[in-house]
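Report on the structure given below.
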Amino acid sequence: MEWFMGFWILVGIFVGWCWYSKEKSSSSSSNSDMKMEQKSGVLPKGSFGWPLIGETLDFIAAGYTSQPVSFMEKRRSLYGKVFKTHILGTPIIVSTDPAVNKVVLQNHGNIFIPAYPKSVREIFGEYSILQTNGTLQKKVHALIGGFLRSPQFKTRITKDIEHHVKLTLTSWKDLPLLFVQEETQKFTFKVLVKALLSLDPSDDLDFLKREFDEFIKGLICLPIKLPGTRLYKSLKAKERIFKLVKKIVEQRKLGLEKSEDQEHQNTIPNDAVDVLLRDISGEQNDKQSLSLDFIISHIIELMIPGEETVPMSMTLAVKFLSDCPVALELLTEENMKLKRQKTDSGDDYCWTDYMSLQFTQNVINETLRVANIINAVWRKALKDVEIKGILIPEGWCVLTSFSSVHMDEENYENPHEFDPWRWEKTGASVKNNCFTPFGGGQRLCPGLELSRLEISIFLHHLVTTYRWIAEKDDIIYFPTVKLKKKLPIRVTSIGNSS
């Protein structure tokens, strides 16, 4: 009954949004249709479905099934790997072709820009990462990515993650039943906020977590800002988050200005705020210098992996391992071996220790492939462009479907099976176009190595501390990937298990 009610609520939401979007986009679509005739390429085959709502209902319905890629697979079998459709109020070209996806993501000449539903744009605002393009986007991406890959940061963050993971796992021993999805969110958010803001456990951190929970609920919602609506509540939470982060950033900026130039230039950045503020002080005459509002908005958006993608990856890894005892046994043996080595030598763990656990990395790869937490990205063409003989008209959106590529039998044998051993045979494909759990091109997630490290540390200390029994749980794929019951498990300390 809840599924039925939720489905029709979403139908009502998207029918209303589709009508609104249709009215706004009709003129631009007709202009694009006129331009299409002048190009050698042709629009891909497909169907626009019903008037106004297009194929939105089928798209949503597929998200509620155990195989959300069924919407893509059905149309791919009818029209080919690239097809046109009409969903969420706009005509769109869907690509399930890894070669086409690569061209769109690489975005040579800045032909494509991010394009997301109005509620997402409204919540993130004008300084959003999604609204930043061209040289400024490349600059910020390089600054954050360089910091997250630095040896000094890797050393420090490894210890921080270990501390929070061990603290969380210790709290499990007296719990009769725990929910992995909730437990992982408790520490992943803290770890990421520490890396971004150097904010330690405090009232401010608790406040930030509560408000962020409220803020992120509005990412998929009806774009109406009336009091009491989901979007209104999320925007108010964003205002409160912005106020707190602004206070922290302004205090840090003031401290930076008071310090000697040579002194702060020679010290290692503490966090992402430090990195971005130094760009302001070091390039005051640069037209691309970052404003405080820009920095604050980016820092808030960078918190999302700590609340969503990383804890869900951990939770799903536990679920998939629970359902595959042979993989769990092999992963446990590998991690126990490393633990014994560290116990005998007395050495601390380092980043490379965790990343050298080959089967553990295979499990992480397979979890990311099967889970498809980031299942696609949306782009809009700024001008007519032709890829492999396919025309993408100016103003049209392109959805590059990662999940369809990950679940394509041409790319992976028995794609719906959890099979970590496949990476022993196809390890090189981690770097090819058929494996894109972190996106690709100019907007490849700058924290991908950090995410892998955090999952690796969690799995290592989990399997070397506890045995567990997981209750049966189902994955929900729409609007975001979740576990229906948050994955309940019962744990037993290894020392107490027989």
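The values are calculated or read from the model by the stated rules, or taken from the named source; none is laboratory data. Source: prediction; values computed, not measured. Cβ: placed from backbone, ideal geometry, glycine included. Neighbour counts: every protein chain shown. To get the accessible areas, we keep the full protein, side chains included, count just its heavy atoms, and leave off ligands, DNA and RNA. Shrake-Rupley method; radii C 1.70, N 1.55, O 1.52, S 1.80 Å.
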The chain accessible area per residue, 1.4 Å probe, protein heavy atoms, integer Å², reads 47 Å²
Taking N as the number of residues in region 324-400, the ratio of its alpha carbon radius of gyration to 2.2 N^0.38 Å works out to 1.91
Carbon/sulfur accessible area of the chain, % of total, 1.4 Å probe, equals 55 percent
Taking alpha-carbon centroids only, region 367-422 lies from region 306-334 a number of Å equal to 24 Å
Eigenvalues of the alpha-carbon gyration tensor of region 288-443, times 5 and square-rooted, give semi-axes in Å, largest first, of 35, 24, 14
Rg from C-alpha atoms of region 363-449, normalised by the globular rule of thumb 2.2 N^0.38 Å, equals 1.22
Here, region 91-145 modelled as identical Cα point scatterers in vacuum has Debye log10 I(q)/I(0) at q = 0.16, 0.18, 0.20 Å⁻¹ of -0.63, -0.78, -0.92
For region 385-425, the Cα-Cα pair-distance distribution in 10 Å bins from 0, as whole percents, is 23, 35, 22, 19, 2
Honestly the chain on the Cα gyration tensor test (a ≥ b ≥ c root eigenvalues; a/c under 1.5 rounded, otherwise a/b vs b/c for prolate or oblate) is just oblate
Given a Förster distance of 41 Å, the FRET efficiency implied by the Cβ-Cβ spacing of residue 413 and residue 257, rounded to the nearest 0.05, works out to 0.10
Taking the chain and counting helices only, DSSP H stretches of n ≥ 4 at -39,500 (n - 2.57) each over all residues, the nearest-500 ellipticity at 222 nm comes to -17500 deg cm²/dmol
Log10 I(q)/I(0) at q = 0.13 Å⁻¹ for region 130-192, from Debye over equal alpha-carbon scatterers, is -0.55
Between the residues 231, 475, 242, the Cα farthest towards the positive end of the dipole of the chain, that dipole coming from +1 and -1 charges on the beta-carbon of Lys, Arg, Asp and Glu, is from 231
For the chain, averaging the sequence separation of alpha carbon pairs under 8 Å that lie six or more residues apart and dividing by its residue count, the contact order in percent is 24 percent
